[in-house]
1. Label LYS255 and LEU140 with points 7 Å out from Cα along Cα→Cβ: what is the distance between them in nm?
2. Only sites in a loop by DSSP and with at most 15 other Cβ atoms within 10 Å count here; which trypsin sites (Lys or Arg not before Pro) in segment 272-303 make the cut?
3. What order do VAL116, VAL327 take when sorted by accessible area (1.4 Å probe), most exposed first?
4. Please report the accessible area of SER280 (heavy atoms, 1.4 Å probe, ligands and nucleic acids excluded) in Å², nearest 10.
5. Considering only Cα-Cα distances, which of the following residue pairs are longer than 21 Å: LYS255/LYS313; LYS38/LYS61; LYS246/LYS313; LYS38/LYS246; LYS306/LYS326; LYS33/LYS326?
6. Leaving out ligands, DNA and RNA but keeping every protein chain, what accessible area does PHE156 have, in Å² rounded to the nearest 10, with a 1.4 Å probe?
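The values are calculated or read from the model by the stated rules, or taken from the named source; none is laboratory data. Computed from a prediction, not measured in an experiment: that's the story for all the values here. Here the Cβ is made from the backbone with ideal geometry for all residues, glycine too, and neighbour counts use every protein chain on show. Accessible surface areas use protein heavy atoms only, side chains included; no ligands, DNA or RNA. Shrake-Rupley method; radii C 1.70, N 1.55, O 1.52, S 1.80 Å.
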Amino acid sequence: MPSKIIITIPPINLQMIIGVMGPEGSYSERAAKLWALKNGMKAAEFRYFADIEDAFLAAIKGKADISVIPVENSIEGSVGVTLDLLLENGAVIVGEIVVKIEHCLLSKGEPEKIKVILSHPQGLAQCRHFLKRHFPEAELRSTGSTSHAARLAGEFEEMAAIASPEAAERYGLKILLSNIQDRKENHTRFIVIRAEEKFPSEKTLKAAGDKRAPYSESCRNAEYELYSIPETPETGKEKVSLSTCKTSLIVYLEKDRPGALYELLGAFAKRGINLTKIESRPSKKELGDYYFYIDFEGHTSDALIKDALEDIKSKAGTKSKANTLKVLGSYPAFKTSVSSGLHTGT
């Protein structure tokens, strides 16, 4: 009598692993938690990485399902390393979140004892005038993240960190001064990225009994349901309105072709497509050679957008140039919902 063969099929695990720049107390963590809350991922697990590149590559290499990465700041502009990583890796943008930045000066000691001030390069840059005015003699040191700076500042009283209020609480530091950034309105936009073809499909979600639409497609509807707080007694769910879809792409234009950028912009203008951002980034191949990063309203499945992309493809660089047109993804454009009680700052 043949022996029985028992095959065990593991259950589908839909607990999201989200990669962020750590350690705990970073603005990236704040952004990731807010995005997870907005998308009903109460059981999400957060994994912390040393810097932007490590957090980004965590999603690409399978160490995280998705990663939440800073891409631009309202004071200092775009984060160059993020733009480069988007070009160089097979990443898809599936969401975005905007977080209010509230830099604080944190330390164990008193202001007069401070000799060294630590922070992420963006944090130091966003507080440049404050530091020059109040601590002109202090040594400024860059760290992998603002929360890493806070953790280091806890070692000596003559050290201080520029970081979030959460970091002060997490690492037992005093908040010496609050809101020290050079501009009152300071916001950072984070993108949510995943590896290409490495995410649970709609079919997989339904097989696991999850009736939610994939969040990367949720902008196709005027509203979608979020499984988050506060819950209504009637449905146990809340509805949050989102603005239209946003699409991001990278395009290369040959520098020696007159009118190339004008033609590219015309492809959007004649179709009435609203651009929300356009920025050049050096190709690193030669001086004056650029890639253009463009965000615009609409979804790649829209007939108008499909037509525009075909037009742009014909205007991009020659076939000998890699990545002449790279569509990074379509996703819900971030919109603060006052009625939901969810805000950009926490």
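1. With each label placed 7 Å out from Cα toward Cβ, I get 2.9 nm.
2. Within segment 272-303, the qualifying trypsin sites (Lys or Arg not before Pro) (loop, at most 15 other Cβ atoms within 10 Å) are LYS284, LYS285.
3. Descending accessible area places them as VAL327, VAL116.
4. That residue has around 50 Å² of solvent-accessible surface.
5. Table pairs above 21 Å Cα-Cα are LYS38/LYS61; LYS33/LYS326.
6. Counting only protein heavy atoms, PHE156 exposes about 100 Å² to solvent.
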